[in-house]
Amino acid sequence: MSEQPPPSPEPPDHGAPRLAFVVLGLTFLLMALARGMSETFTVFLLPISNEFNWDRAQTVSVYSIGALSVGLAAPFVGRLFDHSGPRAVYAIGLLLIGAGFSAAAFAQALWQLQISIGLAVGLGSACLGQVTGSLLVSRWFGPRLPTALAVVASSAGLGVFVLVPLAQIIVDHAGWRGAYHILGGVMLAVAVPVILLPWRRIAAGAGHMTRLVQMQAGDDTWTLGSAMRHHAFWSLFGIFFFTSLGMFSISVQVVTYLVEVGFSPLQAATAWGFSGVLLVIGMLTVSWLDGLLGRRRAILSAYTLTVIGILMLWALSRHPNIWLLGGFLFFFGSTMGSRGPLVAAAAMSIFRGKRVGTIMGTISIGMGLGSAIGSWAGGLIHDWSQSYDLVFAFALASVICGMTPFLVAPALRQ
């Protein structure tokens, strides 16, 4: 049964503002769970590759397939949300992640991990991810939508901060197979109360926002085809693709890299997990700068900090010390994903209308492709060069390409 809001206006709901923040908190927690669980692969990378004697590119291919699944599934998640409502999307996502982790505990071959962690967990993360959260939150927030989207996107930071170190502790005590058993069981257990929530009311949105969305759907004629003929579509697609290409060529190997330069596995996992706290701060700061400096300047400032962070990570291999590590976490960690909410808000503003979910989901394919190719390419470059120098150079070039549309695209320079 569809869980769409009723077409006729409802009487004023004085509890709507409070419920809006409850919905914001719910989407925040579910997205934190999805992103945190998917990023735990960074601590599984080393024990899995050591047990099976796989090279870096082979093991990272599991993560790459997951990232690709997230991106390619985005338009279908948007369509499923439109037709079946958030209950179905979130339930499918939690069950896929739980089943994928549970199956991974029995893996004996690379293809089994590629299916269980890459495909199943990737598709589940897409269901709990940015497209679903953005569409649901947009029904509750009007002028404050960019800030609300920033809050939801910052949930990734909380997920990484809590779940990456926790996963490392579980791996240390139960082994990587036991850890996947435990994490899978937790996700399957969480699915039960989530399914039982009052989703009809949650999906209905605030009355004034529902009417506004309906008015925009009637006034605008954007289709996926017409959007794809506009330069803004491909500019936004390119931003997602190249930025993800650079960021994920580094992020999936960060814990292993820190171990190799002299930190203990728990120290490395905790440090990378702490970047999640900085990500929350970075998301909200960039959103604040959006109102203070304008969207374009805020986003370009975030890119500048990312470049500085990559350079500090490169220097860490030559001069390992806590100051360079802290600088990398601050500059890189606080900006990883910080541009996403503003890019999403720009897309929803340019291509507003009843097909915005499909259009936004298709643009998000760029993020999935960039994440998949970037993580795989980073592992391949490391295996080929036996060094991280070219990985960092690749990341820098990609990030610079990602910021270029804000310098040249007319629709994004306003």
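Taken together, Ser275, Ser264 contain a single residue that is surrounded by fewer than 17 Cβ atoms within 10 Å (Cβ to Cβ) and under 19 Å from Ala167 (Cα atoms), which is Ser264.
Applying a threshold of 6 Å to beta carbon distances and a minimum spacing of six or more residues, or different chains, the list of pairs starting in region 217-238 at a residue that is among the polar types (S, T, N, Q) and surrounded by 13 or more Cβ atoms within 10 Å (Cβ to Cβ) and ending at one that is assigned to a loop (DSSP other than H, G, I, E, B) and at pLDDT 80 or above reads Ser235/Ala409.
Which one is farthest from the chain's Cα centre (by Cα) among residues in region 201-211 that are modelled with pLDDT of 55 or more and crowded, with 16+ Cβ neighbours inside 10 Å?
Going through region 201-211, the residues modelled with pLDDT of 55 or more turn out to be 201-207.
Add one more test, that the residue is crowded, with 16+ Cβ neighbours inside 10 Å, and what stays is 202-207.
On the way: Ile202: 23, Ala203: 22, Ala204: 25, Gly205: 24, Ala206: 26, Gly207: 29 Å.
Residue satisfying both the conditions and the ranking: Gly207.
When residues in region 379-414 are screened for being part of a helix (DSSP H, G or I), aromatic (Phe, Trp, Tyr) and in contact (Cβ under 8 Å) with a residue 24 or more places away in the chain, 3 of them pass.
Residues being surrounded by fewer than 24 Cβ atoms within 10 Å (Cβ to Cβ), small (Gly, Ala, Ser) and either free of Cβ contacts under 8 Å to residues at least 24 places away in the same chain or in contact with a Gly (Cβ under 9 Å, 6 or more places away or on another chain) (or both): count how many of those fall in region 143-193. Qualifying residue count, region 143-193: 5. If the condition is being under 16 Å from Tyr180 (Cα atoms) and either aliphatic (A, V, I, L, M) or assigned to a helix (DSSP H, G or I) (or both), then region 72-106 contributes Leu94, Leu95, Leu96, Ile97, Gly98, Ala99, Gly100, Phe101, Ser102, Ala103, Ala104, Ala105.
Under the condition of being surrounded by fewer than 19 Cβ atoms within 10 Å (Cβ to Cβ), out of contact with any Asp or Glu (no Cβ under 6 Å at 6 or more places or on another chain), in a helix (DSSP H, G or I) and not polar (S, T, N, Q), the residues counted in region 47-71 number 3.
For region 338-349, the set of residues classified as under 19 Å from Phe241 (Cα atoms) and in a helix (DSSP H, G or I) consists of Gly340, Pro341, Leu342, Val343, Ala344, Ala345, Ala346, Ala347, Met348, listed by residue number.
Cβ-Cβ contacts under 8 Å between residues 6 or more apart (or on different chains), taken from a first residue in region 282-308 that is in contact (Cβ under 8 Å) with a residue 24 or more places away in the chain to a second residue that is crowded, with 20+ Cβ neighbours inside 10 Å and basic (Lys, Arg), are listed as Val286/Arg339; Ile299/Arg339; Ala302/Arg339; Tyr303/Arg339.
Can we say Gly327 is of a type outside the set (Phe, Trp, Tyr) and over 20 Å from Arg144 (Cα atoms)?
Values: of a type outside the set (Phe, Trp, Tyr): yes; over 20 Å from Arg144 (Cα atoms): yes.
Judged against the criteria, Gly327 is a match.
Residue-by-condition table, conditions (1) touching a Gly at 6+ places or on another chain (Cβ under 9 Å); (2) among the basic types (Lys, Arg); (3) crowded, with 18+ Cβ neighbours inside 10 Å; (4) under 25 Å from Ala268 (Cα atoms):
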| residue | (1), (2), (3), (4) |
| --- | --- |
| His319 | no, no, no, yes |
| Phe332 | yes, no, yes, yes |
| Gly340 | no, no, yes, no |
| Met348 | no, no, yes, no |
| Ile359 | yes, no, yes, no |
| Ile373 | no, no, yes, yes |
| Ile381 | no, no, yes, yes |
| Phe406 | no, no, yes, no |
| Pro410 | no, no, no, no |
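I'd like the residue in region 302-317 that is modelled with pLDDT of 90 or more and over 18 Å from Trp272 (Cα atoms) and, out of all such residues, is surrounded by the fewest Cβ atoms within 10 Å (Cβ to Cβ). This residue is Thr304. Comparison of Ala20, Ala32 shows that the only residue that is of a type in the set (A, V, I, L, M), in contact with a helix residue (DSSP H, G or I) (Cβ under 7 Å, 6 or more places away or on another chain), in a helix (DSSP H, G or I) and touching a residue at least 40 places away in the same chain (Cβ under 8 Å) is Ala32. When residues in region 131-164 are screened for being part of a helix (DSSP H, G or I) and either at pLDDT 90 or above or closer than 29 Å to Leu266 by Cα (or both), 13 of them pass.
Criterion applied to Ala302, Ala268 was being part of a helix (DSSP H, G or I) and closer than 29 Å to Ala148 by Cα, and the one residue passing it is Ala302.
The values are calculated or read from the model by the stated rules, or taken from the named source; none is laboratory data. Keep in mind the model is a prediction, meaning the values are calculated, not measured. In this analysis, Cβ positions are derived from the backbone assuming ideal geometry, glycine residues included, and neighbour counts consider all displayed protein chains.
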